[in-house]
Amino acid sequence: MNWSDLLSLTAGELIAPTTAAYALAAIGLNIHFGFTGLLNMGQAGFMLVGAYGFAATAQAGQGFPLSALVGVGCSVVFALILGIPTLKLRGDYLAIVTISAAEIVRLIGRSSVLSDITNGAAGIPASRFNKDFLGLSVLPDGRTALGPFAYANNVGDGWWTRIVAWAAVLLAVLLVWRLMSSPWGRVLKGIREDEDAVRSLGKSVYGYKMQALVLGGAMAGFAGVLFVMPASVQPDAMGRSMTFFIWTILLLGGAATLWGPVIGSMIFFVALMFIKTVMRDVLPSVLRPEQLEPLAGILVGITLMLLVIFRPQGIFGDKKELMLDVR
Amino acid sequence: MLAAALVGVIGLQAESASATAAVTCVADAETGCIGGTLQNTAGPVEGVTITVSNEDDEFEESATTAANGTWAVAIPGRARYTVELDESTLPSTAALADSAENPVEQLAVVGASSTVDFNLVLDATPSTGGSSSTTTGTVTPTRLLQQFALGIRYGLILALAAVGLSLIYGTTGMSSFSHGEQVTLGALLTFVFSIQLHWPIVLSVLAAVVLSAASGWLQDVGIWQPLRRRRVGLVQLMIVSIGLSLALQYAFQFRFGGSTLQVLPSIAKSWSIGPIRLSIPSYIAMGCATIVLVGVALFLQRTRTGRATRAISDNPALAAASGIDVDKIIRLVWILATGLAGLGGALLALAFNGAAWDLGLQMLLLMFAAVTLGGLGTAYGALIGSLIIGVVVEMSTLWLPSSLKFAVALLILILVLLIRPQGILGRAERVG
Amino acid sequence: MSAELSSPAPLAKTAAQALAGVAPEPGVAKPDPIIVADDVVRRFGGMTAVDVRHLEVQRGAITALIGPNGAGKTTLFNLLTGFDKPNSGTWEFDGRRLNGVSAGRVARAGMVRTFQLTKALSRLTVLQNMQLGATKQPGEGFFTSLVKPLWAAREREITAQAEELLIRFKLDAKSEDFAGSLSGGQRKLLEMARALMAKPELVMLDEPMAGVNPALTQSLLGHIQTVRDEGTTVLFVEHDMQMVRRIADWVVVMAEGKIVAEGPPSAVMENPAVVDAYLGAHHDTDLGDESVMAEGVLEQLEAEEATE
């Protein structure tokens, strides 16, 4: 086995745009679940809606700022549509509605009905929507190598995308920190603990839950924009598995913590790449190449189970503030 | 751990697996495959030409579907391929459900098989000649009846799974996200016994159901009961079931690959009853499902254990106080629910003559829709909800592209929650 | 057994005096009512849980709501505070129509309640629990929360108010602990203190003494009286008749959803309708008997199911 290859591959995952996109989506989910106790099982749907909104606008020739705004706006509208009927009902209804709505978006996206915008199951290649974004780059054209990280500057999967993606993640962390150490965040945490108690203290619980759903959904929308930037808008790549991976990331890093989603995402993708690379090199006789992805999926599933059972507070979470029953 | 155990059991007979497939493409380091199985409700469709092409590489290759409906094309490299079905080669009894979905674009890579499935419907009006007639959206009474029959078929099978999901929810309060994989398990086990072990089909289905039920017992012993003892919250239980669902579905994919596997050793004949034409296994599946559902209803209604189950659904604290062994009943519910799901999967595999790793994955949300529609935690509600969902799903293809048929069902789910959150049979007081 | 025994403070006297001329009969008018309710009906399936023709609650007094299990006390509480919707009925609070108003708005109108099963916010600190109780916080708006100077001043105010209350309720040593780590009795205290953070016109306490050990009971009673003496009206549900006798200025008795008797504690205890409703055949049982408490557990189970 080539150790330096292994090292650079796994290290590359640390700062990959995908890692940042998942981290941002997990920060959004953290606002939903970690701080407010909302069971959003359709985070990937929020991302897909955002990605479609963005790609459609950019395809039509609009600039990146407007397109991204439209993308995030679509996710906000999506959150409102889902939240208005369900936030007054019991928690698991939100779970069923969000997972179903995410699936509806994916099914419509991959069908032929809107193929002028979505290009059906084949998806929209990045070259159709990322030109303006790359044109905004402040970096000179060419390649830059920093230690194990060597990428072209201004391509979809290059430095510029990484810089913007991680800047967005940092901004989101900062925002969450500000919000959650304010009285606004205190109300959210109160709702997570007991809705009725907060209601009895004169707060409009429905309004706060809606604000949380919209904020976390907007973050997912921008995460969707970041996620598709290097490759394409692929509806089937943004289905239920993606949502569940985001959950795993959140619980890995620790729900209701500030940096948990970011660290969780880094650990998740580095570990995944490490395992896949090692397996590919060590076990070619036992494994067929197409079995690598399923194997990684099995491990994610088992990790999720073990985490919830044995370390509900996540790897770095505070034992005292562990996720109890949120019902 | 459960997944590993199951894979182990299945793995014993692994090697002879792909011998029965009639297609000739093996993915290796240099080539990949695009293939699939062409079939409609009457069975596999033979002799249809499918062309795979890629403009950039000037690659073009055609295949003709075999007697069992399978086809495959070897591809030279990673690219986005255009897969086109030649509609003029379709027999008079088959038509594309939606001409707009042909051709299909498919990303394929070397070293793996990609599946492309065309949605074919039974052409009920063969005399009109061109197969395009069914796709124009003219709704004839014949098609209406045909789709209704398909809906009842799907609804009955869905009900087997949904009743179990509803019983689990009723007795434990948990939304089990791994119930879809229980359906897949039943279908894949049927494949293992029927095709890989060459058992008679009836015995294969029975064995699949028994093993499925055993998996439920194993789960309750190994996972759910210990977690109940530790008083783990419902949200956490739900996430554990999500993890289990992920692990199982990928285990199935790991073991059986990504393509659809036939479960019948030979092609089934079709029968016509008036304007309705279904494959013989479909009729048998519908009969089985009806009998078993009636049996479950009688069990819940007439037996002591059944009544105890319903008592727990109504009020667990009171049930426990009145001397019912709640743990024992829940164990039984798990066995029953997974057994029913396994039967549902087996019957689904028979009716469609196909089993795949994501069979139940597609069904899970429809189960939720059915259960919610009928009223969470009420077994009869799940039955009625399933039939409605099944009929809606199949009939929607009369007016909408068939790729949206599941979306329609999920939309109904959301609308029901808006208008009547307690479902059709649920009680209003339980909500909010 | 006389009313004077239980009213040491001067303000208590005024409350008792104000009610002195009021006839002890169900639905009687009060000189200065803060709540006026009419024809409030709530049915569950075929059962009528609450059917109150007319009820007035005197401002500035401690009113106790008593009655056997299933009498509809907690349901009436839920209805008045917007946590449940009646089949019919109207009520006013401080001259404002409050039927059909959401729970949050009811609280903002000045009517704050506690719960039979304490709802301490476990993974918030005791201090945060208190701060959450305060009203008119600019920092609770989404956009204002982003700019700390906009809410820092109010935050200091409510923190000082919270610390003061915590000292009074002897919870100041726990102020940085998670509320989940408190004992049952401390949670009751916290919940009451939290309700007071809103400076309500009326506090509604749902069984404030249930599950609290005798030592804490004493101080809880003291706190309730202090609250009244500071001008806040108190309405509370209680099973333990000893407690009711000691601090209530007025007692309302419910049975089978209806108000069967009203009056000062001493008069109510001797009312034959009450004895019938409350005790059934057991005329000689003490009203503070433990069997009543044991039955209370059952009602808690019911309440748990109802809140689900």
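One table, with the values for the structure above:
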read-out	value
Average Cα contact separation per residue, the range B:143-430, under 8 Å, 6 or more apart, as relative contact order %	38 percent
Chain A: most fluctuating residue of A:G42, A:G190, A:G156 per GNM, C-alpha cutoff 10 Å	A:G190
Order by protection proxy (mean Cβ within 10 Å, highest first), peptides A:137-146, A:16-25, B:343-352, C:217-226	B:343-352, A:16-25, C:217-226, A:137-146
Separation between Cα centres of the range B:152-166 and the range C:228-254, rounded to whole Å	56 Å
Three-way shape call for the range A:113-200 based on the alpha-carbon gyration tensor, with the a/c threshold at 1.5	oblate
Relative contact order (%) - chain A, alpha-carbon pairs under 8 angstrom, separation at least six	32 percent
Cysteines in the protein assembly as shown that, by Cβ-Cβ distance, have no pairing candidate under 4.7 Å	A:C74, B:C288
Per-residue average of Cβ from other chains inside 10 Å of A:97-107	6
Protein accessible area in the range B:143-430, 1.4 Å probe - carbon and sulfur %	70 percent
Cβ-placed point charges (K, R +1; D, E -1), dipole of the range A:152-297 about Cα centre in debye, nearest 20	360 debye
Cβ crowding within 10 Å averaged over residues, with A:100-107, A:3-10, B:182-189, A:219-226 ranked highest first	A:219-226, B:182-189, A:100-107, A:3-10
Where labels lie 7 Å past Cα in the beta-carbon direction, separation of B:D86 and B:F148 in nm	3.9 nm
Calculated FRET efficiency for the pair B:D358/B:W399, C-beta based, R₀ 30 Å, to 0.05	0.70
Mean residue ellipticity (222 nm) of chain A, computed from DSSP H runs ≥ 4 via -39,500 (n - 2.57), nearest 500	-21500 deg cm²/dmol
Cα-projected label distance for A:I315 with C:R168, points at 7 Å along beta-carbon direction, nm	4.9 nm
Distance between modelled label sites at C:D32 and B:R304, nm, 7 Å Cα→Cβ extension	6.6 nm
Proximal lysines relative to B:K405, as straight alpha-carbon distance under 24 Å, when same-chain residues fewer than 8 apart are discounted	none
For the range C:126-179, with +1 on Lys and Arg beta carbons and -1 on Asp and Glu, the positive-most of C:M130, C:W151, C:A162 along the dipole	C:W151
Per principal axis, descending, Cα span of the range B:143-430 in whole Å	55, 44, 34
Pairwise FRET efficiency - C:S102 versus C:F44, Cβ, R0 = 25 Å, nearest 0.05	0.75
Accessible surface of the range A:3-321 [probe 1.4 Å, protein heavy atoms]: carbon and sulfur percent	68 percent
For the protein assembly as shown, accessible area per residue (1.4 Å probe, heavy atoms of protein chains only), Å²	39 Å²
Peptide A:235-244 - average C-beta neighbours from other chains (10 Å radius)	2
For the range B:213-255, residues shielded by at least 40 square angstrom of accessible area compared with the chain on its own, probe 1.4 Å	B:R230, B:L234, B:V235, B:Q236, B:M238, B:I239, B:V240, B:I242, B:L246, B:A247, B:Y250, B:F254
FRET efficiency, 1/(1 + (r/R0)^6) with R0 45 Å, evaluated for B:T51 and A:W259 via beta carbons	0.30
Spread of Cα-to-Cα distances over 20 Å intervals beginning at zero, given as percent, for the protein assembly as shown	12, 39, 32, 15, 3, 0
Rounded, prolate or oblate (a/c below 1.5 giving rounded, otherwise prolate when a/b exceeds b/c) for the range C:126-179 by Cα gyration tensor	prolate
Stretchable slack from A:I117 to A:K131, in nm (0.36 nm times residue separation minus alpha-carbon distance)	3.3 nm
Computed helical MRE - 222 nm, chain C, DSSP H runs ≥ 4 contributing -39500 (n - 2.57), nearest 500	-11500 deg cm²/dmol
Mean Cβ count within 10 Å, highest first, over the residues of peptides C:230-240, B:70-80	C:230-240, B:70-80
Over chain C, relative contact order from alpha-carbon pairs under 8 Å, at least 6 apart, %	26 percent
Spatially proximal lysines relative to A:K189 (Cα-Cα < 24 Å; intrachain offsets below 8 disregarded)	A:K88, A:K203, A:K209, A:K319, A:K320, C:K119, C:K136, C:K148, C:K174, C:K188, C:K199
Global geometry of the range C:1-137, whether rounded, prolate or oblate, following the gyration tensor of its Cα atoms and the 1.5 cut on a/c	oblate
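The values are calculated or read from the model by the stated rules, or taken from the named source; none is laboratory data. None of the values given here were measured: they were computed from a predicted structure. Positions of Cβ are backbone-derived with ideal geometry, glycine not excepted, and every protein chain shown enters the neighbour counts. Quick note on the areas: whole protein, heavy atoms, side chains included, nothing else; ligands and nucleic acids left out. Shrake-Rupley method; radii C 1.70, N 1.55, O 1.52, S 1.80 Å.
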